[in-house]
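For reference, the structure discussed in these notes is given below.
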Amino acid sequence: MSILGWIVLGLIAGVIAKVLLPGRDPGGLVGTTLIGIAGAFIGGWISTRFLDREIANQFYDGPTWIAAVGGSLVLLIAYRILFGHSRSRR
């Protein structure tokens, strides 16, 4: 899978993570997209490093999608914990 494929996968994974964890996030669509792309890479890394599951080079591989969405969820939760309430703390 090419870099463009990973970016598209990350974009879709970020949207799925946003649907699973609705709420107001600073950054909007651009922030969610970047979190999804980074989450796809991190989910793939966690999957290969700790779960001994190689990521397939196919776009339609189920475990690849699960790893990407899982990584996006982890990053979205961390992002909300770190920056979620920064606007209301004045």
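Provide the per-residue ³J(HN,Hα) series for segment 64-78, in order, calculated from phi with Karplus coefficients 6.51, -1.76, 1.60 and θ = phi - 60°, each as a whole number of Hz, with x at glycine and proline positions.
5, 5, 5, 5, 5, 5, x, x, 5, 5, 4, 5, 5, 5, 4
Tell me, in nm to one decimal, what length is gained between V19 and F50 on full extension, where the rule is 0.36 nm per residue of separation less the Cα-Cα distance?
8.5 nm
A short reminder: the numbers here are calculations on the coordinates, not readings from a lab. Keep in mind that what you see is a predicted model, and the values were worked out from it rather than measured.
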